[in-house]
Amino acid sequence: MTITYKTQGVCARTITFDKSEDGVITNISFEGGCNGNLKAISKLCDGMKAEEIAAKLSGNICGMKNTSCADQFAKAVMSN
């Protein structure tokens with residue numbers, strides 16, 4: 001299933017990814033945000049289970065914000 005998640009409080013506007021029935025995340029892309037960093041997150045997380053991604057990225061913050069693109073991605077993979 002392809003999921004498009006609208007982010008909140010970060011530079012990236014949306015995150016799109018595929019989630020299989022067993023929770024494996026692939027084909028990750030961010031719209032907006034820090035291009036190089038988000039490409040790296042996408043490559044590192046490709047093929048991981050949603051629970052693994054959430055465990056590694058949840059709670060990560062960016063500057064003075066209480067969230068980050070990585071934290072939003074963790075929320076996104078657990079949302080559906």
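The values are calculated or read from the model by the stated rules, or taken from the named source; none is laboratory data. This is a predicted model, so every value here is computed, not measured. Cβ sites come from the backbone with ideal geometry, for glycine too, and all protein chains shown count toward neighbours. Ligands, DNA and RNA are excluded from the accessible area calculation, which covers all protein heavy atoms including side chains. Shrake-Rupley method; radii C 1.70, N 1.55, O 1.52, S 1.80 Å.
Please compute the per residue accessible area over segment 13-61 with all protein chains in place, 1.4 Å probe, rounded to a whole number of Å². Working shown, then result.
Numbers: 2940 Å² over 49 residues.
Dividing the accessible area of segment 13-61 by its residue count gives 60 Å².
Give the label of the value calculated from the structure for Cα extents along the principal axes in Å, choosing from (1) 34, 27, 22; (2) 51, 27, 23; (3) 36, 21, 20. Structure-derived value, by its label: (3). The stretch between Asn66 and Glu51, if pulled fully straight at 0.36 nm per residue, gains 3.3 nm over its current Cα-Cα span.
For segment 10-65, the share of accessible area belonging to carbon and sulfur comes to 55 percent (1.4 Å probe, ligands and nucleic acids excluded). For Glu31, the shell of other residues with beta-carbons less than 13 Å away shows a net charge of +3, using +1 for Lys and Arg and -1 for Asp and Glu.
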